[in-house]
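A.B. asks: Would you mind keeping the following structure in view while I ask a few things?
Values quoted throughout were computed directly from the atomic coordinates according to the rules given, and no laboratory measurement underlies them. These numbers were taken from a predicted model, which means no experiment stands behind them. Because the Cβ atoms are built from the backbone with ideal geometry, glycine has one as well, and the counts that use them run over all protein chains shown.
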Amino acid sequence: MTSAPSLRLHVPEPEFRPGTKPDFSGVTIPHAGSVRRPPVDTAPEEIRDLAYSIIRVLNRAGEAVGPWAGELSDEALLAGLRTMMKVRAYDARMQMAQRQGKTSFYMQCTGEEAIACAFQMALEPGDMNFPTYRQQGLLIASGYPLVDMMCQIYSNSRDPLKGRQLPVMYSSKAHGFFSISGNLGTQYPQAVGWAMASAIKGDTRIAAGWIGDGSTAESDFHSALVFASTYKAPVILNIVNNQWAISTFQGIARGGSGTFAARGHGFGIPALRVDGNDYPAVYAVAKWAIERARRNLGPTLIEYVTYRAAAHSTSDDPSAYRPKEESEAWPLGDPVERLKNHLIVKQLWSDERHAQAVAEVEAEVIAAQKEAESFGTLHTGPKASGRDMFVDVFKEMPPHLRRQRQEAGY
Amino acid sequence: MTSAPSLRLHVPEPEFRPGTKPDFSGVTIPHAGSVRRPPVDTAPEEIRDLAYSIIRVLNRAGEAVGPWAGELSDEALLAGLRTMMKVRAYDARMQMAQRQGKTSFYMQCTGEEAIACAFQMALEPGDMNFPTYRQQGLLIASGYPLVDMMCQIYSNSRDPLKGRQLPVMYSSKAHGFFSISGNLGTQYPQAVGWAMASAIKGDTRIAAGWIGDGSTAESDFHSALVFASTYKAPVILNIVNNQWAISTFQGIARGGSGTFAARGHGFGIPALRVDGNDYPAVYAVAKWAIERARRNLGPTLIEYVTYRAAAHSTSDDPSAYRPKEESEAWPLGDPVERLKNHLIVKQLWSDERHAQAVAEVEAEVIAAQKEAESFGTLHTGPKASGRDMFVDVFKEMPPHLRRQRQEAGY
Amino acid sequence: MPTMSMIEAIRDAHDVMMARDDNVVVFGEDVGYFGGVFRCTRGLQQKYGRNRCFDTPINESGIVGTAIGMAAYGLRPCVEIQFADYMYPAYDQLVSEAARLRHRSANDFSAPITVRMPTGGGIFGAQTHSQSPEALFTHVCGLKTVVPSNPYDAKGLLISAIETDDPVIFLEPKRLYNGPFDGHHERPVVPWSKHPLSEVPEGYYTVPLGVASVRRPGAALTVLAYGTMVYVAEAAAAETGIDAEIIDLRTLLPLDTDTIVASVEKTRRCVIVHEATRTSGFGAELSATVQELCFYHLEAPIVRVTGWDTPYPHAQEWAYFPGPQRVGEAFRRVMEA
Amino acid sequence: MPTMSMIEAIRDAHDVMMARDDNVVVFGEDVGYFGGVFRCTRGLQQKYGRNRCFDTPINESGIVGTAIGMAAYGLRPCVEIQFADYMYPAYDQLVSEAARLRHRSANDFSAPITVRMPTGGGIFGAQTHSQSPEALFTHVCGLKTVVPSNPYDAKGLLISAIETDDPVIFLEPKRLYNGPFDGHHERPVVPWSKHPLSEVPEGYYTVPLGVASVRRPGAALTVLAYGTMVYVAEAAAAETGIDAEIIDLRTLLPLDTDTIVASVEKTRRCVIVHEATRTSGFGAELSATVQELCFYHLEAPIVRVTGWDTPYPHAQEWAYFPGPQRVGEAFRRVMEA
Ligand SMILES: Cc1ncc(C[n+]2csc(CCOP(=O)(O)OP(=O)(O)O)c2C)c(N)n1
Ligand SMILES: Cc1ncc(C[n+]2csc(CCOP(=O)(O)OP(=O)(O)O)c2C)c(N)n1
Ligand SMILES: [Mg+2]
Ligand SMILES: [Mg+2]
């Protein structure tokens, strides 16, 4: 085979890097309303096309169209808008608090609000999310108090996690929000296990796992799909494809598969791809998948197509690896703007009421922040205690930890 | 949602267990010659059907038919038969040697001989296999001396691996056979890495990874597919689906995906499914995939449908978990018998010559065994030295190991 | 009282707990229909159904990861890793998840799982069927680590482990499954039925975690051992005639330092024995602890007898295994020091 | 001579080796275009091309697994795990594969890979950006483990690591990336440019693996430390006025026992300092070794000052970190014993 050509390594690169002008005009986005809506008990092999398209409801004119439209009442839509606005205002304040030195770290979900907010509305009480660090929308939509969230961010004397965890690593069983891990992907098989447990007990509650585009490359993604596929676990496996994993574009994790949703096909798991910036579309797809799970039809994989509009975290500066204008150029728009426009088109909303709502939401967040700060911030005021560090390592403190706590002077 | 039904766990079970009569008459096996043969540069999305069918060449009448036939010369077919016979004779002798207490452990590949033997014939010198413990056929087909293999099985004074490794965990770089690991799946990303290295260096050599049906569930299977897909590594990813993983039937690893080949679809990796007991079919499919890799078209996934006719290993007794008759009832037949019949149909072979060849091969294996045993067996005769245990932990022995070796008295 | 092998005792512990508590579920590779490659879960699927005992895909991270999810739901999974050598793919779920969950969620969630794994060598299993990774668990805060050495303890400790609200690593010395083993591989195997600790009560009883057992009282030196090495130490004591006090640690974490200190203060000499590789093995922690707590009582250096810092070899298994001769030599060395 | 931060020194070591040896390839998460979240590989892709330095999918087992395959082919991969806390998914490939390959294949194949990972706390990174898992590597025969404490050593040791024919775990104390850190978090940070060991020669030079460095000669007691703890020990010596001999181990395995023994025989007292959790930490091995080799010279119990056996907390970071006060107290305790 001396005639064989030299092999070459193929290293995918994003189309645009700093210094180039992002232009997505070549990207085809399916029209809103153009993707069919199969019955929830359709065999997975009959809906493979849904992993290669994008389910959309809101069209450019701001109308909700097609078979996935019409799932939400006017009140629900208005509530959804408000929740997204709250998430955005919360992010803005906490980002600023970090910049002011009130905490060490923060992560925004700017541009991705519709996904968590709409999904949470589709769940029932008792269902359990296994989230990543970018699903604060689940907590806010579930009514978890902003003050508690902020106290976690500040690691203060009222921090529900007692100062132990990195900011944003919330936990609230009561709100169906599993303790966030810093290790990517581990929550995915855990979600499957929780769902299996529910099935073992003959319960009706279901689980939802969350993962980022980049993290689908982690091995635990596979573990989760294998177990979910084999035991037909009542779980929704959500992939938030926000195009970036820190500085790495989604093509590095995705490789040759075209979409992340397609990963489900290797497992016979129905896979849907949805416009993640389209609140009604996210809600409708979530409902569809949740009904499948609840009817014991097994897992569903959902890829949400969105864009990480902000930096990865407060430790990151994206201008080093992607054009500043890319977010603006991104063709699926902003979820808050799009739902707002839809409501205006429906004559349920106006620019004036929106401006007023912005102010109200901000006031609410600021009030919560004041209250939270009265319990301390990372470096000032009351604090989580060093004594607490030794608690909860085990259910009961064993002798060696008691000795160490004493040695530490607590 | 109080109206939701109780969830139930779905635990797949094989159709037949001890005490039931295996009957595969309901299983549809595509006719030999019925599956199309696309050009090697076909886009993966255009050949998804090939992951759900079975490529076959030898029909019931023993003829080689269809678009995948005709790849092998008469001499190559005769050589292939002989290699498979040698593997089978070797397995039988080593199995017996274990029963005689000459070694601790052995693993046969009975019924699966065609896969490794035909695949190896499709490779070029310099290519590298990353095998599992059931690909002794690769070594034998590559001309690795039987005596060396046996010395490894016996952990004797001529054991190329110096008594360190469990029997069957061969290694021979010179024969394109990577050191076998006891840990399932680890070799799969290593194969991809080797292939990437070849691409990085502008080489022409390619790699082949091997894995069992059960082991596709391991996380490293995912790591390998992710990296292979992203960097378009020149690698063949082989899955030997012999229906069983110790006592566990393939449905537990496979879940709802229908086939193991389908796993490739989640990654945009072309996936073929082939009759693993059909020597010419295995060869043709291997050639096709190897050409793709060599032409820098990227990875290919191949599922070989076969049956583990013997026990998992000498530590296993399959009658505890599957019907004894299942192997006989298995619809794809025996690879040696099928190639033999084909050669008889082609008038290149006869029952008499076969019987003679059986005797020749057995004599060859027995002669090798005699020679190997002259260098010792596990419990008698010359042995690998205890001193050797300390060598090769590092390239050069560090002081603490020198001290330990001394303490050990070597 | 019935006598049981260690395998039977472990099977029985499962049976008792599955009968007592509907939330106990058992799974792992080959664990369901077949009952495990060492048969420790034999018959449980048949008795309790596929919902409570089932085979899993070969994915250790998935086994532990789903177990954690189930535990967070409220179940008490007891899972098997087929060999301790194959726990590495699950190590992230064990270390970063099971061990940390209660702490990081401030008791909002917890992971009361038991992870059983056959451990140790002596069966010609070579490097990937012989490892003793206990030190890789004792370094991880939040995990409890248990190593039984006999049927009675195995059943009682496993019941305690399943009932414990913390994740427990349960290491089963496979060389002890069918009989006590003193390292004399050249002699015929003695079955459990000849050993008093194979008398295992029926039904429920516990052996508490965190409590060591003095297996042989003695005055000359203290031996800290666990699992197979308890019998090796007994053989060495018998063969050297040295009056060793042999402590079977049973639980490595939390460690019963009271029993250890009392013994070393009495004997003033200490030998530590384990099968794992020496460097950074659990013997290092034992040595450091004894030195810290008993420095002024020690009359001789603490000696570690361990596996060598090499992979566990196949043919040279008995050159690797810290057998009675090596342990006996250490006894002599410590007595002469 | 140019002064460099530790980040710059590490980047420079890559650059030197990539220029000298075509077989050196560098990859990991965010390592390519962006140059790593700590910027240790900045500019290498631009200089050497995407073939030699590239971003990978987020799969640590894949990173190490492909590196092993490449090394088996003949390359010398130097890969980054973004934080040591994220090495667990790669642990199987490191332990079962990289560490064992040469031995199990009787030198037919080997895995000369370097696996870099930022380690340690002190940056409010909480439990998953602060861990020091060195003991999980030192227990694994076949791996070498290196922890540099300054720019000069970092460059010279990294070059040695890449050239070594064995797999090397290269732990980079992230708290030292931009300046020496003595644990006084309340004081302003001193940049590397003010420290003599930031004078880093241009081009190729090596610091050998397996050789410790006496960073402060002293007569009163021996301190065994590495990484960040070297500076904490220096601060403790300055603040207590105790004439400590501070040994920067630099390589944990193979360990430079000669230097350690010479010092302890001289000072007759020993304090061991590390940031990792105490139980089964590398300090246990150091303590056991010193006790074995210097028993008759020791006048006081060896003391370990370490992180507590808890996850590394966020807000209580400085209560966890073994700072100069705790280390100083240990000095006093050892002197008074
Ligand atoms: C096991 C592990 N490896 C690496 C990291 C470091 N890390 C944190 S976030 C991140 C990127 C994740 O990207 P993606 O999954 O796309 O989620 P996104 O941040 O875009 O929401 C990386 C590499 C980690 N936390 N855990
Ligand atoms: C990581 C790991 N987990 C478990 C095992 C134990 N084990 C050895 S072979 C085997 C079954 C593998 O089945 P399969 O992949 O189908 O290959 P086959 O034996 O059928 O060729 C198992 C579970 C192992 N060797 N490594
Ligand atoms: Mg992302
Ligand atoms: Mg199989």
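A.B. asks: Once you list every other residue whose beta carbon is under 15 Å from the beta carbon of B:PHE390, what net charge do they have if Lys and Arg are +1 and Asp and Glu are -1?
C.D. replies: Details: positive: B:LYS162, B:ARG164, B:ARG387, B:LYS395, B:ARG402, B:ARG403, B:ARG405, C:ARG278, D:ARG100, D:ARG102, D:ARG104; negative: B:ASP388, B:ASP392, B:GLU396, B:GLU407, C:ASP309, C:GLU317, D:ASP166.
Net of charged neighbours comes to +4.
A.B. asks: On to the next question. Given the protein assembly as shown, what percent of its DSSP beta bridges are antiparallel, to the nearest 5?
C.D. replies: Approximately 15 percent, going by the DSSP bridge assignments.
A.B. asks: Exceeding 20 Å between C-alpha atoms, which entries from my cross-link table qualify? They are B:LYS21/B:LYS324; A:LYS395/C:LYS47; C:LYS155/C:LYS194; A:LYS21/A:LYS324; A:LYS383/C:LYS144; A:LYS173/A:LYS340.
C.D. replies: A:LYS395/C:LYS47; A:LYS383/C:LYS144; A:LYS173/A:LYS340
A.B. asks: Then there's this: Choose one answer from C:ASP182, C:ASP85, C:ASP258: the residue with the largest mean-square fluctuation in a GNM of chain C with alpha-carbon springs under 10 Å.
C.D. replies: So, out of C:ASP182, C:ASP85, C:ASP258, the one fluctuating most is C:ASP258.
A.B. asks: Okay, moving on. Quick one: if the Förster radius is 56 Å, what FRET efficiency do A:GLU124 and D:ARG187 give, using the C-beta to C-beta distance and rounding to 0.05?
C.D. replies: Calculated transfer efficiency: 0.55.
A.B. asks: Let me test this: with uniform point scatterers at the alpha carbons of chain D, what is the Debye-based log₁₀ I(q)/I(0) at q = 0.13, 0.14 1/Å?
C.D. replies: For chain D at q = 0.13, 0.14 Å⁻¹, log10 I(q)/I(0) is -0.94, -1.08.
A.B. asks: If I build a Gaussian network model for chain B, linking alpha-carbon pairs within less than 10 angstrom, which residue out of B:SER25, B:SER157, B:SER215 has the largest mean-square fluctuation?
C.D. replies: B:SER25
A.B. asks: Taking GluC sites (Glu not before Pro) as candidate sites, keep only those in a DSSP loop with at most 14 other Cβ atoms within 10 Å, then name the longest stretch of chain D containing none of them.
C.D. replies: That would be D:1-185.
A.B. asks: How far apart are the A:HIS31 label points across copies, placing each 7 Å from Cα toward Cβ, in nm, shortest first?
C.D. replies: 4.4
A.B. asks: How many nm is it between the label spots at A:SER319 and A:LYS173, if each spot is 7 Å from the Cα in line with the beta carbon?
C.D. replies: That separation, rounded to one decimal, is 4.6 nm.
A.B. asks: Any idea what Rg and Dmax come out to for the stretch B:295-384 if you just take the C-alpha atoms, in Å?
C.D. replies: Using the Cα atoms of the stretch B:295-384, the pair Rg, Dmax is 19.5, 52 Å.
A.B. asks: Continuing with this model, one more query. Measure out, as a whole number of angstrom, how far apart the alpha-carbon centroids of the stretch C:55-98 and the stretch B:285-309 sit.
C.D. replies: The stretch C:55-98 and the stretch B:285-309 have Cα centres spaced 33 Å from each other.
A.B. asks: Which of the trypsin sites (Lys or Arg not before Pro) across the stretch B:308-345 are loop residues per DSSP, with 11 or fewer other Cβ within 10 Å?
C.D. replies: Answer by residue number: B:LYS324.
A.B. asks: Net charge around C:GLY210, counting only other residues with Cβ within less than 12 Å of its Cβ (Lys, Arg = +1; Asp, Glu = -1)? Mind showing how you got there, number by number?
C.D. replies: Working: positive: C:LYS144, C:ARG250; negative: A:GLU396, C:ASP166, C:ASP256, C:ASP258.
Charge balance near C:GLY210 sits at -2.
A.B. asks: Let me ask something additional. For the stretch D:6-198, what relative contact order do you get, as a whole percent, if you take Cα pairs closer than 8 Å and at least 6 residues apart?
C.D. replies: This gives 22 percent for the stretch D:6-198.
A.B. asks: State the dimensionless ratio Rg/Rh of the stretch D:213-336 (Rg: radius of gyration of Cα atoms; Rh: Kirkwood radius).
C.D. replies: 0.94
A.B. asks: What number does the stretch A:276-322 give for Rg over Rh if you use C-alpha atoms and the Kirkwood radius?
C.D. replies: My calculation puts Rg/Rh at 1.21.
A.B. asks: For label points placed 7 Å from Cα toward Cβ, what is the shortest-first list of nm distances from B:GLN406 to its copies?
C.D. replies: 4.3
A.B. asks: Grab the other residues whose beta carbon is less than 15 angstrom from that of C:LEU143, score K and R as +1, D and E as -1, and report the net.
C.D. replies: Within the 15 Å Cβ shell, the charges total -2.
A.B. asks: Something else about it: Could you work out Rg/(2.2 N^0.38 Å) for the stretch C:16-129, with Rg from alpha carbons only?
C.D. replies: 1.08
A.B. asks: Let me ask something additional. How large is the translational diffusion coefficient of the stretch A:10-121 in µm² per second when you combine the Kirkwood radius over alpha carbon pairs with Stokes-Einstein at 4 °C and 1.567 mPa s?
C.D. replies: 72
A.B. asks: Further question on the same structure: Starting from a label point 7 Å past Cα on the Cβ side, list the distances from B:ASP74 to the same position in the other copies, nm, shortest first.
C.D. replies: 8.7
A.B. asks: Moving on. Over the Cα atoms of chain B, Rg to Rh with Kirkwood Rh, two decimal places? Before the final figure, lay out each step's value.
C.D. replies: Values: Rg = 22.1 Å, Rh = 22.4 Å.
Answer for chain B: 0.99.
A.B. asks: Next question, about the same structure. Return a whole-number percent for the relative contact order of chain A, with Cα pairs under 8 Å and 6 or more residues apart as the contact set.
C.D. replies: Reported relative contact order: 24 percent.
A.B. asks: With θ taken as phi - 60° and the coefficients 6.51, -1.76 and 1.60, list the Karplus ³J(HN,Hα) couplings across the stretch B:392-403 in order, rounded to whole Hz; mark glycine and proline as x.
C.D. replies: 6, 5, 10, 4, 10, 6, x, x, 5, 6, 4, 4
A.B. asks: Right, another one. For chain A, modelled as a GNM with alpha-carbon contacts under 10 angstrom, which of A:ILE29, A:ILE180, A:ILE211 fluctuates the most?
C.D. replies: Fluctuation is largest for A:ILE29.
A.B. asks: Let me ask something else. No solvent, one uniform scatterer per C-alpha: report log10 I(q)/I(0) for the protein assembly as shown via the Debye equation at q = 0.06, 0.07, 0.09 1/Å, two decimals.
C.D. replies: -0.54, -0.75, -1.30
A.B. asks: Still on this structure, please answer the following. If one computes the Cα centroid of the stretch C:194-262 and of the stretch B:203-258, what distance in Å separates the two points?
C.D. replies: Centre-to-centre (Cα) distance: 45 Å.
A.B. asks: Sort C:TYR177, A:TYR231, A:TYR304 by Cβ crowding within 10 Å, fewest neighbours at the top.
C.D. replies: Fewest-to-most Cβ neighbours within 10 Å comes out as C:TYR177, A:TYR231, A:TYR304.
A.B. asks: Okay, helix-only estimate at 222 nm for chain A: each DSSP H run of n ≥ 4 adds -39500 (n - 2.57), divide by all residues, round to 500 deg cm²/dmol; what do you get? Display every interim value, and only then the final one.
C.D. replies: Working: 12 runs with 147 residues, N = 410.
Mean residue ellipticity, 222 nm, calculated: -11000 deg cm²/dmol.
A.B. asks: Could you give the Stokes-Einstein D for the stretch D:6-198 in µm² per second, using the C-alpha Kirkwood radius, 20 °C, 1.002 mPa s?
C.D. replies: Here the translational diffusion coefficient equals 129 µm²/s.
A.B. asks: Also, quick follow-up: I need to check one value: relative contact order of chain D, counting alpha carbon pairs closer than 8 Å and at least 6 residues apart, in percent.
C.D. replies: Answer for chain D is 17 percent.
A.B. asks: Counting each pair of different Cα atoms once, what's the Kirkwood radius of the stretch A:167-235 in Å, rounded to one decimal? Display every interim value, and only then the final one.
C.D. replies: Working: mean 1/r = 0.0801 Å⁻¹.
The Cα-based Kirkwood calculation yields 12.5 Å.
A.B. asks: Using a Förster distance of 56 angstrom, determine the FRET efficiency expected from the C-beta separation of C:GLN325 and B:THR20, and round it to 0.05.
C.D. replies: 0.60
A.B. asks: I want to verify the translational diffusion coefficient of the stretch A:234-363 in µm²/s; compute it with Stokes-Einstein, Rh as the Kirkwood radius over Cα pairs, at 20 °C and 1.002 mPa s.
C.D. replies: The Stokes-Einstein estimate is 126 µm²/s.
A.B. asks: May I ask for the distance between the Cα centers of the stretch A:337-351 and the stretch A:362-388, given as a whole number of Å?
C.D. replies: 36
A.B. asks: Taking every pair of alpha-carbon atoms in the stretch C:127-286, give the share separated by more than 19 Å as a whole percent. It would help to have the intermediate numbers written out before the result.
C.D. replies: Details: 6949 of 12720 pairs.
Across the stretch C:127-286, Cα pairs with separations above 19 Å total 55 percent.
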